[in-house]
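Colleague: One structure coming up, written as structure tokens, with questions to follow.
The values are calculated or read from the model by the stated rules, or taken from the named source; none is laboratory data. Predicted, not measured: the structure shown is a model, and the values here were computed from it. In this analysis, Cβ positions are derived from the backbone assuming ideal geometry, glycine residues included, and neighbour counts consider all displayed protein chains.
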């Protein structure tokens, strides 16, 4: 299954390099060929970045995955999110004579999580 790379272009895994739960998430991201960046956080939970991640994800621990503007904490929740069924719908633009110098293609991601299926 391929993911819409535009949606996932800003995928960041906040991690500790030696964390086994972080490794588990990296393996799933790699298996699904989702491009991502890793950002190593301080081990100290009082670090300002860790505090901001807690505010956004609701968890104090790593890993935290930022994907499509959403922050998900806990490795099991991240893996569950990455393994959910996705469907891409491609809607082509009006015929070229409406916009002779431009072609538009819209990519819409709809997931079961959002209740559209």
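Colleague: Applying the selection to region 19-41, what residues are modelled with pLDDT of 95 or more and assigned to a loop (DSSP other than H, G, I, E, B)?
Modeller: Selection gives 19, 41.
Colleague: Okay, next question. Counting only residues that are in a strand (DSSP E or B) and touching a residue at least 12 places away in the same chain (Cβ under 8 Å), which one in region 48-70 is farthest from the chain's Cα centre (by Cα)?
Modeller: 64
Colleague: Picking from 65, 53, 82, which residue would you name as being modelled with pLDDT under 95 and either in contact with a helix residue (DSSP H, G or I) (Cβ under 8 Å, 6 or more places away or on another chain) or closer than 16 Å to residue 15 by Cα (or both)?
Modeller: After ruling out the rest, the residue left standing is 82.
Colleague: To continue, here is another question. Can you confirm whether residue 45 is exposed (fewer than 15 other Cβ atoms within 10 Å of the Cβ) and either in the same structural domain as residue 78 (by TED's automatic domain parsing) or not in a loop (DSSP other than H, G, I, E, B) (or both)?
Modeller: Working: exposed (fewer than 15 other Cβ atoms within 10 Å of the Cβ): yes; either in the same structural domain as residue 78 (by TED's automatic domain parsing) or not in a loop (DSSP other than H, G, I, E, B) (or both): yes.
Yes.
Colleague: What tally of residues in region 16-25 results from selecting those that are within 18 Å of residue 80 (Cα to Cα) and crowded, with 16+ Cβ neighbours inside 10 Å?
Modeller: Number of matching residues: 3.
Colleague: Tell me which residues, restricted to region 68-77, are at pLDDT 95 or above and in contact with a helix residue (DSSP H, G or I) (Cβ under 6 Å, 6 or more places away or on another chain).
Modeller: 71, 72, 73, 75 - these are the residues of region 68-77 that are at pLDDT 95 or above and in contact with a helix residue (DSSP H, G or I) (Cβ under 6 Å, 6 or more places away or on another chain).
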